[in-house]
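Read-outs throughout are calculated quantities, based only on the coordinates presented, and are distinct from any laboratory measurement. In this text, all values refer to a predicted model and were calculated from it rather than measured experimentally. Cβ atoms come from the backbone with ideal geometry, glycine included; neighbour counts cover every protein chain shown.
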Ligand code: ADP
């Protein structure tokens, strides 16, 4: 998915696997090597003392048979190269030492721990750090019958020295392990990534892949569905906007053509002076129709942008608004011989007073326009229990007009929809009134519903969430 993007700073899976496996392998190797070396070294040390002690007893036995420094020299020669051979007399003086030509230069040896201990217990072994770093001396001393002590000594490498020989093989082993781990991690990465590379992102949930990836794929699926919905929504909005613009232009054209037509007649002197005021009246009516249309279009576009009155919801005294609307429409009502009545009762809606007035104006005006002589329009305000215990603010505008057939109950809220074009036009309708009402209701989180049967009047009911 990140194709084309630079990989700088990205962590690589194979690198991650490589370092983890390598670290793990090295730890295991180090642990095993340490344990084995330790065990080997301990047993090697123990063996050393035991072997040296056995040789010391052997030497002691031969010396018992024919003691004397001459015998010792012979024995020293026998051990030469392998061990150091020393014979100490009963007083601690060195009678013979295979490592020194003149044993008299050596001091009294009774202070040597192994010698001292051998005098007490018959035999003694000891291991001491030697002067040179990295080596130790192992001693085995045995007491002879005549009080002298024979001592064998061997120089042995310490652990570092012991390990020294292992360094090169160890480096080789580590290099081999690193190479193997590198290959392994590459292969592993390829195997892990293979199904991921083959993922079909168009249908995320249909992939047969690691269950660990299900949450990720579900998220992708969810986002794709949301995106699709949004795209559809956008396309729908765009097509509605285009329809709307086309409709607006079309609706504007008719009154403009009428106005232009009459103005042309007057300019050409084709209108008799007696008719002038009638024609001026027609032009006036058409311009009024255009003004209403422009007002409605502006209201709708402002509603689309949801940018009305600074957007701060304020309590609206619906009764006061209804009474004001009835007043504004009194002339129309009188002309149509329709009685408008606002029933007693208070009601508060939270939102925009301008919009509440716009809604009521359109509904009451429709009630008057789609009515018959002597008919009524009633505005009733009430609070009703709504969902989850909260009250709803309900505004009901009912009339005694021809009513609306059920199959048109949805349609009448569409922009520019008119059931009877001629009647709507003739009464100054733009086809936008109910669309504005519905939109304004939505803006208040409210809904509008129509109850009507043809011939039995119509009732428009607005419901707003209570506070
Ligand atoms: P108009 O400007 O045409 O009145 P509206 O959006 O206000 O536009 O109404 C759409 C259509 O719904 C009207 O043309 C009319 O046919 C129908 N209508 C609206 N109100 C009523 C009503 N109270 N009684 C009967 N029909 C109505």
Binned Cα-Cα distance frequencies in segment 247-370 - 5 Å width, integer %:
2, 9, 14, 14, 15, 14, 12, 8, 6, 3, 2, 1
Determine the shape class of segment 314-404: with a ≥ b ≥ c the square roots of the Cα gyration tensor eigenvalues, call it rounded for a/c under 1.5, and otherwise prolate if a/b is greater than b/c, oblate otherwise.
prolate
Counting every Cα pair in segment 374-467, what percent are over 22 Å apart?
32
Taking Cα pairs under 8 Å and at least six residues apart, what relative contact order does segment 319-467 come out at, in percent?
25
q = 0.12, 0.20 Å⁻¹: log10 I(q)/I(0) that the Debye formula gives for segment 56-123, counting C-alpha atoms only
-0.29, -0.84
When 185, 292 are ranked with the fewest other C-beta atoms within 10 Å first, the list becomes 292, 185
Listed with the fewest Cβ neighbours within 10 Å leading, 464, 79 appear as 79, 464
Rounded to 10°, Cα long-axis angle of helix 214-267 versus longest principal axis of the chain
20
Of all C-alpha pairs within segment 311-465, those more than 28 angstrom apart amount in percent to 14
Per-selection Rg to Rh, segment 174-237 - Cα, Kirkwood hydrodynamic radius:
1.30
At 20 °C and 1.002 mPa s, the Stokes-Einstein diffusion coefficient in µm²/s for segment 310-364, with hydrodynamic radius from the Kirkwood sum on alpha carbon pairs, is 180
I need to check one value: relative contact order of segment 376-459, counting alpha carbon pairs closer than 8 Å and at least 6 residues apart, in percent.
33
If you stretched the chain out fully between residue 331 and residue 301, how much longer would it get, using 0.36 nm times the residue separation minus the C-alpha to C-alpha distance?
7.9 nm
What is the P(r) of the chain, as percent of Cα-Cα pairs per 20 Å bin from 0?
16, 23, 13, 12, 10, 11, 12, 4, 0
Between segment 212-277 and segment 390-420, how many Å separate their Cα centres?
22
Please list, in order, the residues from segment 110-125 whose amide nitrogen is less than 16 Å from a point placed 7 Å along the Cα→Cβ vector of residue 57.
118, 121-125
Computed [θ] at 222 nm, deg cm²/dmol, the chain (DSSP H ≥ 4; -39,500 (n - 2.57); rounded to nearest 500)
-18000 deg cm²/dmol
Alpha-carbon spread of segment 164-295, three principal axes, descending order, Å:
129, 30, 20
Normalised per residue, the volume of the convex hull around the Cα set of segment 411-454 (Å³)
75
Got the relative contact order for the chain handy, in percent, Cα pairs under 8 Å and 6 or more residues apart?
9
